[in-house]
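Encoded as structure tokens, the structure appears first; notes follow it.
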Amino acid sequence: MSKLPHSASLASKGSATTTPRIGVLGLQGDFSEHLTTLRGMGAQGVDVRRPEQLDDIDGLIIPGGESTTIGKLAQSYGIIPKLRERAAQGMPVWGTCAGAIFLAKDVPGHPHPLAELMDITVERNAFGRQIDSFESDIDVEGMAGGPFHAVFIRAPKITRIGPGVVVLARLSDGTVVAVRDGTLLATSFHPELTRDERFHRLFLSLGKG
Ligand code: GLN
């Protein structure tokens, strides 16, 4: 395995002084809200737009926005091969909403390019149109502190999970809205739009071993 400039895990390796450097793909969408949340938590939030920046971060968040646009821009900026390489090295990656679509291996009817990192099927706009956006309090596996207030904006549904993928949260009707596969995380909703940092903390803990 190649040597990484920062710790391969998001957790500082025993040193209290190491601040995780977390990239947010800043090509389109609500990346600035993720950066604000990360910086508010004391992490270094890095606006990532070039592939070489992926060598210099400990984790990457793909924000919500418009998945077709994010995919096209990621391809034209040369992000996708480098992202696949870093994810294969164990770098944690989290996609929120359009970001979850970008990470999925299977998105019926969606034009490529996408990163295709997670063995999940995601149905785009599966709750309806923009006007059908909604909020819901959901229980998240292993998350202390009560239900998480989740904001769904023209959100996708996770309709199939591959072997090894763990469901973290469902809506009351059983729809899967948060999953984890090792160091990969996908949520149909937008934790960056609430003041609740627990999902960002969960992401920061993903590389911990
Ligand atoms: N509907 C958007 C898409 O398919 C995702 C919406 C969002 O990220 N809030 O790209």
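Listed here are the residues, each with its yes/no results for (1) of a type in the set (G, A, S); (2) touching a strand residue (DSSP E or B) at 6+ places or on another chain (Cβ under 6 Å); (3) in contact (Cβ under 8 Å) with a residue 60 or more places away in the chain; (4) crowded, with 17+ Cβ neighbours inside 10 Å.
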site	(1), (2), (3), (4)
E123	no, yes, no, yes
R129	no, no, no, no
F134	no, yes, no, no
I138	no, yes, no, yes
F152	no, yes, no, yes
G174	yes, no, no, no
A178	yes, yes, no, yes
S188	yes, yes, yes, yes
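Residues being assigned to a helix (DSSP H, G or I) and under 30 Å from G109 (Cβ atoms): count how many of those fall in segment 38-51.
Final tally of qualifying residues: 1.
Tally up the residues in segment 52-97 that are assigned to a loop (DSSP other than H, G, I, E, B) and away from the ligand (no atom under 16 Å from the Cβ), please.
Summing the residues that are assigned to a loop (DSSP other than H, G, I, E, B) and away from the ligand (no atom under 16 Å from the Cβ) in segment 52-97 gives 8.
Just name the residue that is modelled with the highest pLDDT out of those in segment 130-161 that are closer than 15 Å to S67 by Cα and over 16 Å from the mean Cα position of the chain (by Cα).
R154
Conditions: (1) touching a residue at least 60 places away in the same chain (Cβ under 8 Å); (2) out of contact with any helix residue (DSSP H, G or I) (no Cβ under 6 Å at 6 or more places or on another chain); (3) within 16 Å of the ligand (Cβ to nearest atom). D119 meets all but one. Number of the miss?
The one condition D119 does not meet is (3).
Pairs please, first residue from segment 21-33 and farther than 21 Å from D196 by Cα, second anywhere and of a type in the set (S, T, Y), Cβ atoms under 9 Å, 6+ apart in sequence or on different chains.
Once the first residue is farther than 21 Å from D196 by Cα and sits in segment 21-33, its partners that are of a type in the set (S, T, Y) give G26/S32; L27/T69; L27/Y77; Q28/T69.
Residues that are over 14 Å from the mean Cα position of the chain (by Cα) and surrounded by 17 or more Cβ atoms within 10 Å (Cβ to Cβ): does segment 95-106 have at least one?
no
Only one of (1) away from the ligand (no atom under 11 Å from the Cβ); (2) surrounded by fewer than 20 Cβ atoms within 10 Å (Cβ to Cβ) is not met by V24, so which one is it?
(2)
Residues are listed down the side, and each one gets a yes or a no for (1) within 16 Å of the ligand (Cβ to nearest atom); (2) acidic (D, E):
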{"site": "G128", "(1), (2)": "yes, no"}
{"site": "D132", "(1), (2)": "yes, yes"}
{"site": "V140", "(1), (2)": "no, no"}
{"site": "M143", "(1), (2)": "no, no"}
{"site": "P156", "(1), (2)": "yes, no"}
{"site": "I161", "(1), (2)": "no, no"}
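The values are calculated or read from the model by the stated rules, or taken from the named source; none is laboratory data. These numbers come from a predicted model, not from an experiment. Note that each Cβ is placed from the backbone with ideal geometry, even for glycine, and that neighbours are counted across all protein chains shown.
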